[in-house]
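> Mind looking over this structure? Questions follow.
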Amino acid sequence: MPPTPFPSLDVTAAAAPRAAPLPDTAPAQVQTALCHAGRHPQAHSGAVNVPVFHASTILFPTLEALDAKASAPVRYGRRGTPTTQALEEAVSALEGAVGTVLTPSGAMAITVTLLAHARPGAHYLIPDNVYGPCRHAYTELLQPMGIDCTFYDPQIGAGIARLVRPETVLIWIEPPGSQTFEMPDIRAIVDVARAHGIPTALDNTWSGGLFLQPLAMGVTYSVQAGTKYLCGHSDVMSGTIACAPGAHERMKTYAARLGVCVGPDDAYLVLRGMRTLIMRMRQHHAAGLQVAAWLQTRPEVLRVMHPGLASDPGHALWRRDFTGASGLFGFVLKPVARPALARMMDGLRYYGMGSSWGGFESLLIPTEPAKLRSSTEWAPGGQSMRIHVGLEDPEDLIRDLEAGLARLN
Ligand SMILES: *Cc1c(COP(=O)(O)O)cnc(C)c1O
């Protein structure tokens, strides 16, 4: 299997402060698909975009049609409408999936994927730097049912084979790790999983589904918070589970039994956001690298966690598997008192403080990754920060940060 269908990205200039490269992504087939997938104009009076179907009851014209409703493309609002099906099609085209299951949030895409594999005595493998709510889904939903989990060192690579048990039902992967941005060896982990016949789920939110193609690497489920880059405008909650062949029907049925469904306005907005995903991701990539490289030059900053930087420990793995980087990364400030941090943060002009990311706007928050770990240490020697570089002019973003760092002193 080829490593990736996309041409690889030249990141040789990544460490140069003012010379962030544009990604050489042009995944031509994906670029075109994002414009056309899920659109059926002639089925909808010629309208370019699929209409927003508000529907619960679907009427069948004859008793014969009613009797055959199980095979009807649309049978009941909860089971999907042309609007939600269009979004499923588009995500499947992006992720190279046979089918996609939509959920009302990224968190629910995670819990549904975990729960679908639960059974008495089951054991999960989840990375220790996993997105917090994924950890809590295990500790608060699965653990009380007597289900076991090992939170593995994200740098474990092929060593994960030592943690596999006969009862292991699912291996979770998140590249790069939430808040700390370590890059796991996806291929090594997937090889072990496949050798043992264990399905894998990968949280693909960071890449927007564009810069990493997990299903082509043998992953079973590519899970995303559509809330982030797919939507791209900070106004919708959404989750997606893009499935490998053989996994889709089961996941679709499982989610249907849970009663999972999404609203048509939300589906419409995510689909609308996806039409411009490539242009936005190119800008996030370039501007993110530019800001990251600038932060690296600052005396207030101990280290920058961005796998696209040549100096990052995960850089080689990122180059091997990804065709670009998003606008989200971390850095560590030298130890700083809270009032000084407040002076820096409260005066920022362009960076908002708040949860989530992946919209057009920049964000900056302090983080406490150590609190979300149980088997590995996180002691970087200073204040961890998470930044989302939005679509503003990166020079404006750098000037704003520069003034903020000056207020630290
Ligand atoms: C935000 C996020 C999620 C959850 O998405 P919501 O839509 O907020 O529930 C899942 N994974 C990662 C990596 C995230 O950052």
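The values are calculated or read from the model by the stated rules, or taken from the named source; none is laboratory data. Everything numeric in this text was worked out from a predicted model, so none of it was measured. Cβ coordinates were reconstructed from backbone atoms using ideal geometry, including for glycine residues, and neighbour counts include every protein chain displayed. In case anyone asks, the SASA skips ligands and DNA or RNA and just uses the protein heavy atoms, side chains included. Shrake-Rupley method; radii C 1.70, N 1.55, O 1.52, S 1.80 Å.
> Please state the shape class of region 277-408: rounded when a/c is under 1.5, otherwise prolate if a/b exceeds b/c and oblate if not, all from the C-alpha gyration tensor.
It is oblate, given that a/c is not under 1.5 and a/b is not larger than b/c.
> Given Cβ point charges of +1 (Lys, Arg) and -1 (Asp, Glu) and nothing else, what value in debye, to the nearest 20, does the dipole of region 277-408 about its Cα centre take?
Here the size comes out at about 300 debye.
> For region 354-372 and region 116-192, what is the separation of their C-alpha centers, rounded to whole Å?
Cα centres, region 354-372 to region 116-192: 22 Å.
> So what is the relative contact order of region 277-408, in percent, for Cα pairs below 8 Å that sit 6 or more residues apart?
Relative contact order for region 277-408 comes out at 30 percent.
> Residues of the chain: accessible area per residue at 1.4 Å, in Å²?
Each residue of the chain exposes 41 Å² on average to a 1.4 Å probe.
> Modelled label-to-label distance, residue 340 and residue 54, 7 Å Cα→beta-carbon offset: nm?
5.5
> Restricting to bridges with both residues inside the chain, how much of the DSSP beta-bridge set is antiparallel, in percent to the nearest 5?
The answer is about 60 percent antiparallel.
> Equivalent ellipsoid semi-axes for region 72-150, as square roots of 5 times the alpha carbon gyration tensor eigenvalues: give them largest first, rounded to whole Å. Kindly include the intermediate steps, with their values, before the conclusion.
Numbers: eigenvalues 172, 43, 25 Å².
In descending order the semi-axes read 29, 15, 11 Å.
> Name the shape class, rounded, prolate or oblate, that the alpha-carbon gyration tensor gives for region 98-256, where a ≥ b ≥ c are the square roots of its eigenvalues, rounded holds for a/c under 1.5, and otherwise prolate holds if a/b is larger than b/c and oblate otherwise.
Judged from the Cα gyration tensor, region 98-256 comes out rounded (a/c under 1.5).
> Over the chain, what is the mean sequence separation of C-alpha contacts under 8 Å (at least six apart), divided by residue count, expressed as relative contact order in percent?
Relative contact order comes out at 19 percent.
> Also, I was wondering about something else. Can you find, among 86, 63, 358, the residue sitting farthest towards the positive end of the charge dipole of the chain, where Lys and Arg contribute +1 and Asp and Glu -1 at Cβ?
So the residue we want is 63.
> Leaving out ligands, DNA and RNA, what percent of the accessible area of the chain is carbon and sulfur, probe 1.4 Å?
Ligands and nucleic acids excluded, carbon and sulfur reach 55 percent.
> Let me ask something else. Expressed in nm to one decimal, what extension gain is obtained for the pair residue 162 and residue 408 from 0.36 nm per residue of sequence separation less their Cα-Cα distance?
84.0 nm
> How high is the FRET efficiency between residue 187 and residue 379 when r is their beta carbon distance and R₀ equals 41 Å, given to the nearest 0.05?
Details: r = 29 Å, r/R0 = 0.71.
Step by step, r from the Cβ atoms, then E = 0.90.
> Just going by the charge dipole of the chain, with Lys and Arg at +1 and Asp and Glu at -1 on Cβ, which of 189, 302, 287 is farthest out on the positive end?
189
> Work out the length of the dipole vector of region 28-274 about its Cα centre, built from +1 on the beta-carbon of each Lys and Arg and -1 on the beta-carbon of each Asp and Glu, and round it to the nearest 20 debye.
440
> How large are Rg and Dmax for the chain when only the alpha carbon atoms are used, in Å?
Using the Cα atoms of the chain, the pair Rg, Dmax is 21.6, 77 Å.
> If I model a spin label as a point 7 Å beyond the Cα along the Cα-Cβ vector, how far apart are those points for residue 194 and residue 35 in nm?
A separation of 3.3 nm, rounded to one decimal place.
> Sticking with this structure for a sec: Which value, in Å² rounded to 10, gives the accessible area of residue 60 with a 1.4 Å probe and all protein chains present?
It works out to around 50 Å².
> Now for a different question. Using the Kyte-Doolittle scale, which helices in the chain average at least -0.5 and also have C-alpha atoms spread 20 Å or more along the helix axis, with helices defined as whole DSSP H runs? Please list the in-between numbers first.
Numbers: long enough: 277-296 (28 Å, 0.19); 394-408 (21 Å, -0.11).
Answer set is 277-296, 394-408.
> Let me ask something else. Below 28 Å, Cα to Cα, which lysines can residue 371 reach? Residues fewer than 8 away in the same chain don't count.
Filter leaves 228, 334.
> Also, I was wondering about something else. Going by the alpha-carbon gyration tensor, a ≥ b ≥ c the square roots of its eigenvalues, is region 213-277 rounded (a/c under 1.5) or, if a/c is not under 1.5, prolate (a/b greater than b/c) versus oblate?
Because a/c hits 1.5 or more and a/b fails to exceed b/c, region 213-277 counts as oblate.
> Between residue 310 and residue 44, what's the calculated FRET efficiency when r is the beta-carbon distance and R0 is 51 Å? Round to 0.05.
Approximately 0.60, to the nearest 0.05.
> Applying the Karplus parametrisation 6.51 cos²θ - 1.76 cosθ + 1.60 with θ = phi - 60° to the phi angles of region 68-81, what ³J(HN,Hα) value in whole Hz is obtained for each residue in order, glycine and proline being reported as x?
Once θ is set to phi - 60°, the couplings for region 68-81 become 9, 5, 4, 9, 6, x, 10, 10, 6, x, 5, 8, x, 10 Hz.
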